[in-house]
Each structure stands twice: as structure tokens, then as C-alpha cells.
Amino acid sequence: MTGELLGSGRSADVYVIDDDWVLRRYRDGGDATAEAVVMAYLAQHGYPVPLLQDPEGSGQSTAPRADLVMQRLHGTSMLHALLRGMITAEEAGAQLADLLHRLHSIPARVCADSAFRILHLDLHPDNVMLASGRPVVIDWCNREEGPPGLDRWMSALILAQVAVGNSALAAPARVVLASLLAHLGPVIALGDADSGCLAEARRRRAADPSMSEHETQLLDKAVELIRELTPTGP
């Protein structure tokens with residue numbers, strides 16, 4: 001039995017349980033077991049994710065876990081905070097960069113490659129909740145382990161697509177993107193047009209079935225903007 005619908009994303013709905021907990025359920029009935037295991041692992045390393053009601057149980061059963069019972073976050077998304085003037089676009093970009101740096105400081109859970117880390121692959125202002133004065137990263141359905149550069153360029157590309165569009169969010173998205181890239185620093189190689197993590201991020205965005213044709217058409221301009229704004233030296 002679920003309570004009041006609190007919110008909906010592209011693939012999941014969130015229902016109220018009480019003042020402290022919510023239930024997150026995939027609309028297609030997908031298995032959230034692996035997601036729960038990763039979130040519990042990140043929480044153990046001090047990374048800001050919603051707490052799970054049963055983190056131990058998330059990795060102890062082979063049965064599919066259709067629902068996640070998670071901490072209810074009282075606050076607003078970074079996107080809404082930005083639009084309401086609660087934080088600046090520069091602050092939003094700096095916070096996103098810090099969240100990426102912190103995430104990529106945690107060792108991979110499964111992969112033996114020492115260069116690999118856990119990747120969120122959808123870290124943008126609408127997937128960060130500002131709760132009790134601190135950012136908390138939500139929506140881990142795309143997570144995997146791989147090179148940190150892929151995660152960083154994926155966040156940049158998501159912002160850049162908005163920045164080169166014609167919506168009211170274009171101007172603030174460009175400022176957030178510039179701040180993100182400045183705080184990530186010049187150490188993340190762009191790669192050339194056909195290889196490297198930026199090219200891989202573009203390929204993945206182009207293949208994303210949830211994107212509209214218009215969003216896909218913005219990818220080349222988005223990559224150009226990233227190359228324009230990325231710092232090239234100390």
C-alpha cells in the first residue's frame with residue numbers, strides 16, 4: 001500500500017510513507033537491488049545519499065528488490081533553489097564539482113582497476129536535493145563503475161545541452177556549466193572528436209531513448225560549448 005504521490009521522475013515515482021521515509025518505485029517494475037547496494041556503500045564512505053531503511057538487507061538476498069524505502073529529504077532541489085535565487089549559478093556549479101570530486105575519491109566497490117570509480121552519470125541540479133543546508137545526491141539508477149572523466153563530462157554535457165537551447169534556463173545553465181568546469185580544473189582531458197570520455201558521453205546521450213529529437217540535435221553545439229569553456233591551463 002502506498003501513500004500520497006510526492007514526485008515523479010522519468011522512470012520512477014516517490015510516495016510518502018511518513019514524515020521520515022518515502023517509497024521510491026520504478027514504474028516498469030525494475031529491480032532496485034543493485035542501486036540499494038551502491039547507495040549503502042556510498043553512505044558507509046560518508047557520501048551524501050538518502051539513507052535506506054534497510055541498508056543491510058539490500059545486499060543479502062537474491063530476490064529482486066522492486067522498491068526502495070529511503071530517507072525523506074525535507075528541502076528543495078538545487079535547480080529550484082537556483083531558480084528562486086537561494087543560491088547563485090556559480091555556487092551551483094561549484095557544489096556539483098565538489099560532489100563529483102568527493103564521489104570519485106571513493107574506491108570502486110567491485111572493479112579491480114584502481115583508476116575506476118563509482119559513477120553517477122546523471123549528476124545535475126535536479127538530482128541534488130538541498131536538505132538541512134547540505135546537498136544530497138539522488139537518483140542512482142544510471143550508476144556504474146568506470147573512469148571519472150566520463151561522469152564529469154556527462155554532467156557537463158547535460159548542462160551544455162540546456163545552455164545551447166532556447167529555454168529560459170539557457171543563460172543560468174551556461175553559468176553553472178562554466179563554474180563546474182572551472183572547479184573541475186584543466187586536468188580532465190577532453191580527448192579528440194572520436195575518442196575519450198567526452199566523446200563517449202556524447203555517444204551515450206545520443207543513444208538515450210528518453211531524449212527528444214530536439215535534445216539530440218543540440219549535442220554538437222553542446223560539445224562545442226564545453227570545449228570553449230573548459231580551462232586549458234593552470
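If each DSSP helix of 4+ residues adds -39,500 (n - 2.57) and the sum is divided by the residues in the chain, what number results at 222 nm, nearest 500 deg cm²/dmol?
Values: 8 runs with 90 residues, N = 234.
After summing the helix terms and dividing by residue count, I get -11500 deg cm²/dmol.
Within the chain, what's the longest stretch lacking trypsin sites (Lys or Arg not before Pro) that sit in DSSP loops with no more than 11 other Cβ atoms inside 10 Å? Mind dumping the intermediate values first?
Working: sites that count: Arg10, Arg27, Arg84.
Counting only loop sites that pass the neighbour cut-off, the longest clear stretch is 85-234.
Report, to one decimal in Å, the Kirkwood hydrodynamic radius for the range 89-234 based on all distinct Cα pairs.
Numbers: mean 1/r = 0.0648 Å⁻¹.
Mean inverse Cα-Cα distance, inverted, gives 15.4 Å.
I'd like to verify something in the chain: which complete DSSP H helices, judged by Cα projection on the helix axis, reach 18 Å or more and average at least 1.0 on the Kyte-Doolittle scale? Before the final figure, lay out each step's value.
Numbers: long enough: 89-103 (21 Å, 0.02); 148-163 (23 Å, 0.76); 170-184 (21 Å, 1.50).
Counting only whole DSSP H runs, the qualifying helices are 170-184.
Keeping the other protein chains in place, figure out the carbon and sulfur percent of the accessible area of the chain, with a 1.4 Å probe. Write out the running numbers ahead of the final one.
Details: 6150 of 11640 Å².
Reported share for carbon and sulfur atoms: 53 percent.
I'd like the accessible area for Thr76, computed on protein heavy atoms only with a 1.4 Å probe and all protein chains in place. Round to 10 Å², please.
Around 20 Å² of this residue is reachable by solvent.
Could you provide, to the nearest whole Å², the per residue accessible area of the chain with probe 1.4 Å?
Per-residue accessible area for the chain comes out at 50 Å².
Ranked by accessible surface with a 1.4 Å probe, highest first, in what order do Asp28, Asp113, Asp13, Asp220 come? Don't jump to the answer; show the numbers that get you there.
Values: Asp28 130, Asp113 70, Asp13 20, Asp220 90 Å².
From most accessible down to least: Asp28, Asp220, Asp113, Asp13.
At a Förster radius of 35 Å, what calculated FRET efficiency corresponds to the Cβ-Cβ distance of Ala168 and Ala43, to the nearest 0.05? Walk me through the numbers before you get to the answer.
On the way: r = 36 Å, r/R0 = 1.02.
According to the calculation, E is roughly 0.45.
Calculate, for Asp220 and His101, the FRET efficiency according to 1/(1 + (r/R0)^6) with r their C-beta to C-beta distance and R0 45 Å; round to the nearest 0.05.
Details: r = 28 Å, r/R0 = 0.63.
That pair, Asp220 with His101, gives E of 0.95.
Is the range 78-151 best put as rounded, prolate or oblate by its Cα gyration tensor, with a ≥ b ≥ c the root eigenvalues, rounded for a/c under 1.5, and otherwise prolate when a/b is larger than b/c, oblate when not?
On the way: a/c = 2.66, a/b = 2.32, b/c = 1.15.
Prolate, since a/c reaches 1.5 and a/b exceeds b/c.
Sorted by average packing, counted as other Cβ atoms within 10 angstrom per residue and highest first, what order do 37-44, 155-162, 14-21 take? Write down the numbers at each step before the final one.
Numbers: 37-44: 18.8, 155-162: 25.5, 14-21: 13.8.
Ranking the peptides 37-44, 155-162, 14-21 by packing returns 155-162, 37-44, 14-21.
The values are calculated or read from the model by the stated rules, or taken from the named source; none is laboratory data. Being a predicted model, the structure only gives us computed values, none of them experimental. Note: ideal-geometry Cβ built from the backbone for every residue, glycine included; neighbour counts use all protein chains shown. Surface areas here come from the heavy atoms of the whole protein model, side chains and all, with no ligands, DNA or RNA. Shrake-Rupley method; radii C 1.70, N 1.55, O 1.52, S 1.80 Å.
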